[in-house]
Amino acid sequence: MKLFNPVPLPVDPKSRRSCFCSFLPAASFLFLVFFIGSAFIVPDYKEKLSRWRIVDSFQNLKFVTCKNQCRPPGSEALPEGIVSRTSNLQMRPLWGFPKSNENSSSNLFTLAVGIKQRDIVDEMVKKFLSSNFTVMLFHYDGVVDEWKDYKWNDHVIHVSAHNQTKWWFAKRFLHPDIVAEYNYIFLWDEDLGVENFDPEKYVSIVKSKGLEISQPALDTNQSEIHQQITARMRKSIVHRRTFKPGICHGNSTAPPCTGWVEMMAPVFSRAAWRCVWYMIQNDLIHAWGLDYQLGYCAQGDRIKNIGVVDAEYIVHYGHPTLGGTDENKESSHSNKSDRRLEDPSHSNKKDPRLKVSIISNYIY
């Protein structure tokens, strides 16, 4: 029995050609779609990838550049980790180790002083030292040795320069990197009574109320008051504005109605002082007019962050010392007759500071 061997049917070459020709357009279409899509997708992907690489490279370059250039000038040659940007005013022993830092000062009290106001200065220094403040005295009369009679003399820092104001001293000796470890910097005049003032309580109030720039209120019965906003408000802890018909009202947003403290006893937070220090110009003398510009350094809204503390108040005796008309007169905080500035209209000698006041008001 023979097996049936199927004979392959002859294939028409034309049918093969037609099948191939029908497939070719479809393949060409798909290839064209893929090619066109690649033209858009691939460059976009490459562009994104390139951007990522550029951003990454830029960030690395920025880090390296900042690492090299953001260091204090002159420290570039020092190895990494050895640079100390800040310092403080803590005294160090000549030998051995310093005492424990458990009671280290966290606030700084600075005061411009002359020997004629020794009694008032003595009261202030003792009060702030007992509250664990670092104390720094700016001697504008050049007299330093006469203070050695006081027990606290060796526990405070003395800086002397003849006939210079506290702003001159502050610009040159209170650089923000030097006082960076202090929470609050007090920059006061010497003719202030602190009988009713507690430094620690004051700092606690300022911190709780969020005041970046502040001052204690002035006792209205004993003080010489130049601006209404500085007068103490009874039954108040802190006030940030004052009201005066025709001048200061509830909608006032500018000094001296709000956002303002006087230059006699300002207190600055660490951040505020860093800003104020840069604002102080090298040729600044009495700083009259600077109080109107402190809002720039309030670390936000000056209406909220600048205020006067009523709960802890002081007395402004108003003794004209540096550059005053009666600076040759011995003064004492116990002598009430000296608590007022001499009226220029009744003085044979004109007060030269009035000229400075006029110029300052004109500039600002």
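The values are calculated or read from the model by the stated rules, or taken from the named source; none is laboratory data. Quick caveat, the model's predicted, so the values are computed rather than measured. We place every Cβ from the backbone using ideal geometry, glycine too, and count neighbours over all the protein chains shown. What goes into the accessible areas is simple: the full protein's heavy atoms, side chains included, and nothing from ligands, DNA or RNA. Shrake-Rupley method; radii C 1.70, N 1.55, O 1.52, S 1.80 Å.
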Lone unmet requirement of (1) in contact (Cβ under 8 Å) with a residue 40 or more places away in the chain; (2) in contact with a helix residue (DSSP H, G or I) (Cβ under 7 Å, 6 or more places away or on another chain) for G300: (2)
Test for R234: is it of a type in the set (K, R) and within 21 Å of the chain's Cα centre (by Cα): no
Among (1) in contact (Cβ under 8 Å) with a residue 60 or more places away in the chain; (2) of a type in the set (S, T, Y); (3) farther than 16 Å from D189 by Cβ; (4) touching a helix residue (DSSP H, G or I) at 6+ places or on another chain (Cβ under 9 Å), the one test that S214 misses: (3)
Enumeration of residues in the range 109-143 that are over 26 Å from I280 (Cα atoms), of a type outside the set (K, R) and either free of Cβ contacts under 8 Å to residues at least 24 places away in the same chain or open to solvent by 20 Å² or more (accessible area, probe 1.4 Å) (or both): I115, D119, D122, E123, L129, S130, N132
Pairs, first part of a loop (DSSP other than H, G, I, E, B) in the range 260-271, second of a type in the set (S, T, Y), C-beta under 7 Å, six or more apart: V261/S214; E262/T230
Hits in the range 136-166 (condition: closer than 16 Å to G114 by Cβ, aliphatic (A, V, I, L, M) and not in a loop (DSSP other than H, G, I, E, B)): M136, L137, V159
Residue that is surrounded by the most Cβ atoms within 10 Å (Cβ to Cβ), among those in the range 246-259 that are in a loop (DSSP other than H, G, I, E, B) and touching a Lys or Arg at 6+ places or on another chain (Cβ under 7 Å): G259
Of all residues in the range 189-214 being within 11 Å of V238 (Cβ to Cβ) and among the polar types (S, T, N, Q), the one that is surrounded by the fewest Cβ atoms within 10 Å (Cβ to Cβ): S208
Criterion: crowded, with 18+ Cβ neighbours inside 10 Å and free of Cβ contacts under 8 Å to residues at least 40 places away in the same chain - qualifying residue of D310, D291: D291
Positions within the range 208-243 being in contact with a strand residue (DSSP E or B) (Cβ under 8 Å, 6 or more places away or on another chain) and assigned to a helix (DSSP H, G or I), in sequence order: K209, Q228, I229, T230
Among residues of the range 176-207, those that are within 22 Å of C275 (Cα to Cα) and in a strand (DSSP E or B), counted: 5
Residue in the range 343-360 that is touching a Phe, Trp or Tyr at 6+ places or on another chain (Cβ under 8 Å), at pLDDT below 85, of a type in the set (S, T, N, Q) and surrounded by 12 or more Cβ atoms within 10 Å (Cβ to Cβ) present: yes
